[in-house]
1. What residue, among those in the range 167-189 that are in a loop (DSSP other than H, G, I, E, B) and either at positive phi or buried (at least 19 other Cβ atoms within 10 Å of the Cβ) (or both), is modelled with the lowest pLDDT?
2. If a residue has to be out of contact with any Lys or Arg (no Cβ under 8 Å at 6 or more places or on another chain) and either of a type in the set (Asp, Glu) or crowded, with 21+ Cβ neighbours inside 10 Å (or both) to count, how many in the range 156-165 make the cut?
3. For the range 37-58, name all the residues that are surrounded by fewer than 17 Cβ atoms within 10 Å (Cβ to Cβ) and modelled with pLDDT of 95 or more.
4. Can you name the condition, by its number, that residue 105 falls short on among (1) over 25 Å from residue 169 (Cβ atoms); (2) crowded, with 18+ Cβ neighbours inside 10 Å; (3) modelled with pLDDT under 95?
5. Residues in the range 127-166 that are among the charged types (D, E, K, R) and within 21 Å of residue 60 (Cα to Cα): how many?
6. Does residue 87 meet the test of being surrounded by 21 or more Cβ atoms within 10 Å (Cβ to Cβ), at pLDDT 95 or above and more than 21 Å from residue 196 (Cβ to Cβ)?
Amino acid sequence: MTASSLATAGGTLVLAVATFASVRSGNRSARLTEQSLLAATRPLLMPTRMQDEPVKVGFMDEKWFRIEGGGAAAENGDSAVYLAIAVRNVGNGIAVLHGWRYYDERPTGAEPDHPPLDSFTRLTRDLYISAGDNGFWQGTFRDPSSEGYARARARIDSGRDFTVDILYGDQFGGQRMITRFTLRPRADGAYYATVGRHWHVDGPTPR
């Protein structure tokens, strides 16, 4: 009886170990499959390249900009501050732009966490950028009594650089990202656009 019991127990243990290994392997395979599927729909924004065609950006009050490759625009109008960036989606999925956040100063980029989502200004229209395609982001300050209006206006008048964080995600509302763009003035009145940081909102960061 003792030998028989030991044999039975041993067999059960072997079966349990095999089952555990199989389940673990299956979970790992499922995670890899999920990651592959997500990668196929993940967007990632960068500035357009210097050799890219200009991007035409229009605002609701018929204000228009023609932004050259790798560039951006910032201008003080009579009743609004206009901001725009020519962007390229280097990811595999459609980018849906959600909101933006303006900074006078240039953030250090050392902060480990992304800015709070409730600090972003929601876009008033949907902007979609296909995978591998170029598009644009645009934003305005229209309320003269707001702090952002006065600060952005003064910054543009001073001819100094500033920063814009853009919040976006995939076409299913997930995989949200924040990309930090710095706009640097050029001698001709236009701006260069550079990227300094990316944050994953809905997943682990890349660092």
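The values are calculated or read from the model by the stated rules, or taken from the named source; none is laboratory data. Just so it is clear, the model here is predicted, and its values are computed rather than measured. Please note: Cβ atoms are built from the backbone with ideal geometry, for glycine as well, and neighbour counts cover all protein chains shown.
1. 173
2. 1
3. Answer for the range 37-58, where residues must be surrounded by fewer than 17 Cβ atoms within 10 Å (Cβ to Cβ) and modelled with pLDDT of 95 or more: 49, 50, 51, 52, 53, 54, 56, 58.
4. Evaluating residue 105 over (1) over 25 Å from residue 169 (Cβ atoms); (2) crowded, with 18+ Cβ neighbours inside 10 Å; (3) modelled with pLDDT under 95 leaves (2) as the failure.
5. Adding up the residues that qualify gives 3.
6. Here the answer is no, as residue 87 does not meet what is asked.
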